[in-house]
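Have a look at the structure below before the remarks.
What follows draws every value from the coordinates through simple rules; no lab data is involved. Remember, it's a predicted structure, so these values are computed and weren't measured experimentally. All Cβ positions, even for glycine, are placed from backbone atoms using ideal geometry, and neighbour counts span all protein chains on display.
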Amino acid sequence: MLNIVIFGAPGSGKGTQSKLIAEKYQLVHLSTGDMLRAEIAKGTEIGKKVDALISNGNYAPDNLIVSMIEQEIDAHKKNCNGFIFDGFPRTVAQAKALDELLEKHGKKLTVMIDLHVEEKLLIDRLLKRGLTSGRADDNLEVIKKRLEVHKQKSLPVLDFYKKSGRYASVQNSSTIEQNFEQIVHLIEFSICGF
Ligand code: ADP
């Protein structure tokens, strides 16, 4: 079983690379951002609760996110080769909760991959995406806020994984194919050590 966290700032390419990884290794792709947007689109209680938070560039509450992930793990655990977690964990509390959830099933995280991209390129990508994405949070004001929240709340997650020897990083600023190739190398290294 392969369990991978894809970590990165908004616009770092988490979603794009996660899809490719899920396809190559036949993993279940869990994107908390996609799950939350689906809840908003359906107008559920969860959706109503998080709509304003997300539109303003803030995070959804940890307990809500963790319980969504727990449900997905339970739903897929019997017939899957593992999971790719995209946009989760985003806080140290979420990272600890993920370890506990996996441990409960006798599983471990294989590796956390940090997609590193310069801030100027992040902003350019997100503004470009905003022209077609229809996302309420892809505009300059909210993009700046999201990058700030990412620095404050999510950068400490990197230390958490560094300390436990599960951290790997790539510079995710060349082509999608080149970046993917590097990521595959990292995954293979995490699996077999060379
Ligand atoms: P991006 O990384 O480009 O911001 P995502 O789709 O991963 O895109 O997330 C969109 C928004 O959804 C985030 O800005 C945040 O408000 C919310 N969100 C997604 N994942 C989480 C999470 N793990 N914890 C809290 N909030 C989250």
Requested in this report: Could you tell me which of the residues G11, G47 is touching a residue at least 60 places away in the same chain (Cβ under 8 Å) and either acidic (D, E) or outside any strand (DSSP E or B) (or both)?
Outcome: G11
Query raised in the report: How many of the residues in region 131-147 are under 22 Å from S173 (Cβ atoms) and either free of Cβ contacts under 8 Å to residues at least 12 places away in the same chain or more than 11 Å from the ligand (Cβ to nearest atom) (or both)?
Result: 5
Report task. Would you mind stating whether S164 is away from the ligand (no atom under 14 Å from the Cβ), surrounded by fewer than 16 Cβ atoms within 10 Å (Cβ to Cβ), polar (S, T, N, Q) and within 22 Å of L30 (Cβ to Cβ)? Result -> yes
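Of the residues L20, L109, L102, only one is aliphatic (A, V, I, L, M), assigned to a loop (DSSP other than H, G, I, E, B) and within 23 Å of C192 (Cα to Cα); which?
Numbers: L20 fails: assigned to a loop (DSSP other than H, G, I, E, B); L102 fails: assigned to a loop (DSSP other than H, G, I, E, B).
Matching residue, one of L20, L109, L102: L109.
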Report task. Could you please tell me which pairs satisfy a Cβ distance under 6 Å, a separation of 6+ or placement on different chains, a first residue in region 58-73 that is part of a helix (DSSP H, G or I), and a second residue that is small (G, A, S)? Result -> D62/A93; V66/A97
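Considering S154, S174, S169, which residue is farther than 16 Å from K108 by Cα and in a loop (DSSP other than H, G, I, E, B)?
None of the other options fit; the residue is S174.
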Query - Looking only at region 13-54, and only at residues there that are surrounded by fewer than 19 Cβ atoms within 10 Å (Cβ to Cβ), hydroxyl-bearing (S, T, Y) and under 29 Å from V170 (Cα atoms), the one that is nearest to the chain's Cα centre (by Cα) - result: T16
Report task. Could you grab me the full set of residues in region 38-70 that are polar (S, T, N, Q) and under 20 Å from V92 (Cα atoms)? Result -> N58, N63, S67
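To keep it simple, each residue is scored yes or no on (1) under 18 Å from E148 (Cβ atoms); (2) more than 13 Å from the ligand (Cβ to nearest atom).
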residue	(1), (2)
S55	yes, no
S67	no, no
F88	no, no
E103	no, yes
L122	yes, no
